[in-house]
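The values are calculated or read from the model by the stated rules, or taken from the named source; none is laboratory data. All values derive from a computational prediction rather than experimental measurement. Glycine also receives a Cβ, built like all others from the backbone with ideal geometry; neighbour counts cover every protein chain displayed.
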Ligand SMILES: Nc1ncnc2c1ncn2[C@@H]1O[C@H](COP(=O)(O)OP(=O)(O)OP(=O)(O)O)[C@@H](O)[C@H]1O
Ligand SMILES: [Mg+2]
């Protein structure tokens, strides 16, 4: 060990009220400046590049784009809701005492997690080729093409796919809830349904919310896949415009800005939801 | 303390195995109304399993438990035990208040929320009615000021007292305790035993698995000693503790009583 100063003698120690000077961090300053410089260069590159920012500004609030974005949001929330419902249903089935239910849940996850979501979207959209009519005795009897609109196909495709991921998450969440609390609920006289609803699932929520937040953000972005099945969500709307006016990059940037706005809002919502469900554990999930 | 003679619980030939391991080898046990019974015995002797079979958290493969006119988990018809629907089983279980070694409080409910959960969900009490009664119980266990706290904010002793209040809220006929103080720091044991002592004084029927010999001696009307899945000794606390007949019980008690700091109050 190297020591810059001679040892301090116990007899000559100064009083307690000594000023303190902080450690220097030269590398932080150097690294920080470097990154700022690169950012500035990047901004300048984009400012001087072949992008007509005026067009970006103009289309940012164009009715067609806004309408597309509303569809994007609708797909996102409908698919997410469907995914959550399916995730909880199949997640609970996965842990059922009934082997048939367990198998059904396994099969669901196996199929929908094992194939690309884009492929699933296309199959839903073209499902009329397999089932020309949707016929449930006494309930509905219609032509499939009238039911399976691009919107419905998008929601089903994304939602069912999401559900297969959430099934695994819910299963893990349920398993992570302490068995002892379930036994305590049993001895209080709560039925399995009451125990699941009031004791297990609320605590599962705290654990799966972070995942759900990521799912929501992911879903907002994956909803752009619906552009491929002629759903006029935002990306599709933007494409239709730039096929005509040629402002490709500008319109893609418009989309990027809206997606960023959406994901930002979702992240903020996620923060507050996690805070709510984490309140029994010191305010944070 | 004198217990009324009327039996309220009777276990008849309880047998339980985990795989090849025979954990309960035909347990017969009777508890009278208002009686306080302590179950002692070495680790692994089957005490928890017995308690869990009594309230049907574990299903015995032989024998049954009778509580105040009913057989737990079954309907006896024509010499056959028909399994009850879950709802009726739960109704029976709610009459056997259980306090666990590790508290098992609902982590997402406040202290008050834990205590009103059963009365509201199972007995259908309104929130105000359940709350009023819950506050009385929290007062009784000395935690009225913690009603709004979360379980994670409580000490072990406080958690266990909440757990006792939660079980009492169902107004059970019998209270079962599975080593209620074993998970506690030594200085927190007293407050929980104190609450249990008061319960015993009010005539609550209690079956307590414990290692607190001092408590058993002071509070129990009767103790049973379990060894290897069998009840080897039963009788008044002082008699069994002072002068056990069975040699294995004597050696077990010798070991326990030899430990100096054992709750001598
Ligand atoms: N769910 C289970 N699966 C398998 N074996 C079990 C299970 N529960 C208990 N056992 C075994 O049964 C035996 C009796 O266990 P039990 O918990 O009833 O003992 P105990 O008397 O309560 O002991 P302790 O004083 O340590 O709590 C032990 O050998 C234990 O390993
Ligand atoms: Mg035990």
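Some notes on this structure:
Each row is one residue, and each column tells you yes or no for (1) in contact with a helix residue (DSSP H, G or I) (Cβ under 6 Å, 6 or more places away or on another chain); (2) within 16 Å of ligand 1 (Cβ to nearest atom); (3) over 25 Å from residue B:206 (Cα atoms).
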residue: B:58; (1), (2), (3): yes, yes, no
residue: B:64; (1), (2), (3): no, no, no
residue: B:68; (1), (2), (3): no, no, no
residue: B:77; (1), (2), (3): no, no, yes
residue: B:81; (1), (2), (3): no, no, yes
residue: B:85; (1), (2), (3): no, no, yes
residue: B:89; (1), (2), (3): no, no, no
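- Helices (runs of 4 or more DSSP H) completely within the stretch A:187-262 that count 1 or more residues being more than 29 Å from residue A:59 (Cβ to Cβ) and free of Cβ contacts under 8 Å to residues at least 24 places away in the same chain: A:192-195, A:201-222
- In the stretch B:235-259, the qualifying residues are those that are in contact with a helix residue (DSSP H, G or I) (Cβ under 7 Å, 6 or more places away or on another chain) and within 16 Å of ligand 1 (Cβ to nearest atom), and the one that is nearest to the other protein chains (Cβ to nearest Cβ) is B:256.
- In the stretch A:178-194, the residues that are crowded, with 21+ Cβ neighbours inside 10 Å and more than 7 Å from chain B (Cβ to nearest Cβ): A:185
- Residue within the stretch B:132-141 that is within 12 Å of chain A (Cβ to nearest Cβ), touching a helix residue (DSSP H, G or I) at 6+ places or on another chain (Cβ under 8 Å) and over 15 Å from residue A:181 (Cα atoms) present: no
- Wholly enclosed strands (runs of 3 or more DSSP E) of the stretch B:43-120 bearing at least 2 residues facing another protein chain (nearest Cβ under 8 Å): B:96-99
- So residue B:36, is it within 19 Å of residue B:219 (Cβ to Cβ) and within 14 Å of another protein chain (Cβ to nearest Cβ): no
Table: residues versus (1) under 13 Å from the mean Cα position of the chain (by Cα); (2) closer than 20 Å to residue A:188 by Cβ.
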| site | (1), (2) |
| --- | --- |
| B:153 | no, no |
| B:159 | no, yes |
| B:163 | yes, yes |
| B:188 | no, no |
| B:202 | no, no |
| B:205 | yes, yes |
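- Annotation: of all residues in the stretch B:190-212 being within 16 Å of ligand 2 (Cβ to nearest atom) and in contact with a strand residue (DSSP E or B) (Cβ under 8 Å, 6 or more places away or on another chain), the one that is farthest from residue B:156 (Cα to Cα) is B:207.
- All positions within the stretch B:1-28 that are touching a helix residue (DSSP H, G or I) at 6+ places or on another chain (Cβ under 8 Å) and under 22 Å from residue B:204 (Cβ atoms): B:1, B:9, B:11
- One residue from B:3, B:32 being surrounded by 14 or more Cβ atoms within 10 Å (Cβ to Cβ), at pLDDT below 95 and either away from ligand 1 (no atom under 16 Å from the Cβ) or farther than 25 Å from residue B:238 by Cα (or both): B:3
- Sole residue being touching a residue at least 24 places away in the same chain (Cβ under 8 Å), under 16 Å from the mean Cα position of the chain (by Cα) and buried (at least 21 other Cβ atoms within 10 Å of the Cβ), chosen from B:184, B:193, B:241: B:193
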